[in-house]
1. Return yes when residue A:269 is in a helix (DSSP H, G or I), modelled with pLDDT under 95, in contact with a helix residue (DSSP H, G or I) (Cβ under 8 Å, 6 or more places away or on another chain) and within 24 Å of residue A:95 (Cα to Cα) and no when it is not.
2. Return yes or no: is residue A:206 under 23 Å from residue A:104 (Cα atoms) and either crowded, with 17+ Cβ neighbours inside 10 Å or without any contact (Cβ under 8 Å) to a residue 40 or more places away in the chain (or both)?
3. Within region B:47-63, identify whether any single residue is within 9 Å of another protein chain (Cβ to nearest Cβ) and under 25 Å from residue B:133 (Cβ atoms), and answer yes or no.
4. Do the conditions hold for residue A:156, that is, is it within 14 Å of another protein chain (Cβ to nearest Cβ) and either surrounded by fewer than 20 Cβ atoms within 10 Å (Cβ to Cβ) or over 21 Å from residue A:273 (Cα atoms) (or both)?
5. Would you pick out the residues in region B:90-109 that are more than 7 Å from every other protein chain (Cβ to nearest Cβ) and not in a loop (DSSP other than H, G, I, E, B)?
6. For region B:76-89, which positions are part of a strand (DSSP E or B), more than 14 Å from every other protein chain (Cβ to nearest Cβ) and surrounded by fewer than 22 Cβ atoms within 10 Å (Cβ to Cβ)?
7. With assigned to a helix (DSSP H, G or I) and buried (at least 18 other Cβ atoms within 10 Å of the Cβ) as the only criterion, which of A:104, A:81 stands out?
8. From A:170, A:165, grab the single residue that is buried (at least 17 other Cβ atoms within 10 Å of the Cβ), away from ligand 2 (no atom under 16 Å from the Cβ), touching a residue at least 40 places away in the same chain (Cβ under 8 Å) and at the interface with chain B (Cβ under 10 Å from one of its Cβ atoms).
Ligand code: HEM
Ligand code: FES
């Protein structure tokens, strides 16, 4: 590619990237893959909007219709679902990569915060998305999740009112969740991603070691080639998952029924497990909020060193690394206890 | 805001910039208030019946525990008579299942005995009881508007 004016996609990258950090085995492409998954989510979601009906009576039926009647509906819904699930995994691993390579330090601490907001948005996107199925399986998680809001002192009742739109889950709730899912969170995610990317460039590009000069560099064309390859691979994986493991869908939600068993969406099973062992406010609200605060405080409390940037498992960042690993491992253990 | 304290009195002058910032702040506060009010409207929604008239008492034999979905309650007939318990778990609101001589909650594993007392947490309070009475034509009525202790029975 020997062009005078780089095309727009090329232009998004720094002209030169340090060789070591530009390699796949530094970032594992996790941030980039997350972006690409979001692009898939946007496209397939836009298509689903043409058939989805946000009403208690018709929502479930309209998802059945997308799945079983509309040509390629099963594929489009499957890709949308799997991109959402993979996004939870890739953003978590991306956060882990950033913490293990000390890439949150110094000027990048703001970008760490922006990333944490994106992680929360990804989870909320996913939960509201599940709720839009309006099926038996999700209805109990929806009930528990919203009732949890009520346990917050002082503002709990008002927050519940704003989230649910009535004194109990119903017509108003589905319209609100729909609004947040396709409009509210989409706008927030859009703003924060553009900001996140802007900060990467502004903070001097991808973090790199500061000791080994002169740094060997590659041109952005090389990086873009790897990225395009990654996009193909991710797309193939998405299509395969959508066809081989299509997302589930049970009958319409009816909260007057008796559930046989009720399991939260997989990324919140750890909260469900916690809720079984104590006060709802502590287990379901305070502990998750505390963990989030701990994550956000990594560059401000757990590791304020300026050195160790770009170094895997740098010793200045031990406390931060151990904290994040412990959080992820505890969540995994809680999930496994519940599932097994 | 500029503070001029060359003289004896402090003189506060409102610069144009400060004035604009202040107006911006006030409009932001006012619109946030409006947005919160807008989102807080409580749409009327009564999904449950407040009471229901069922069959004759004979339809619910001794020892039966029947789910009445319209009022989300369990109707129980034991030695001493009829009573009704809310089927909504007092932890976070899932509907409880009938297990072996007790109720189990599928969400976080709370258990209640047939009198509604907590056998196992995380639920902290017992299931509330609803009034059971007979209608004029001798049929069973469950009334959610009247809460009664579960020990109170309709004895027939
Ligand atoms: C929707 C979710 C997210 C997307 C799409 C995203 C995207 C990206 C991309 C494309 C990069 C460039 C380098 C790379 O690929 O690793 C990046 C860097 C970065 N991200 Fe994210 N990210 C997301 C979530 C997060 C989260 C959850 C955190 C941490 C709490 C985070 C913190 C950072 C930081 C600090 C950098 C700079 C790292 C460096 O310079 O080495 N991001 N992000
Ligand atoms: S809702 Fe019944 S145990 Fe949590």
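1. yes
2. Yes; evaluated as a whole, the condition is true for this residue.
3. Yes, the conditions are met somewhere in region B:47-63.
4. It is true that residue A:156 is within 14 Å of another protein chain (Cβ to nearest Cβ) and either surrounded by fewer than 20 Cβ atoms within 10 Å (Cβ to Cβ) or over 21 Å from residue A:273 (Cα atoms) (or both).
5. If the condition is that a residue be more than 7 Å from every other protein chain (Cβ to nearest Cβ) and not in a loop (DSSP other than H, G, I, E, B), then B:98, B:102, B:103, B:104 are the ones that fit.
6. Residues satisfying the conditions are B:78, B:81, B:82.
7. A:81
8. The conditions single out A:170.
The values are calculated or read from the model by the stated rules, or taken from the named source; none is laboratory data. Remember, it's a predicted structure, so these values are computed and weren't measured experimentally. We place every Cβ from the backbone using ideal geometry, glycine too, and count neighbours over all the protein chains shown.
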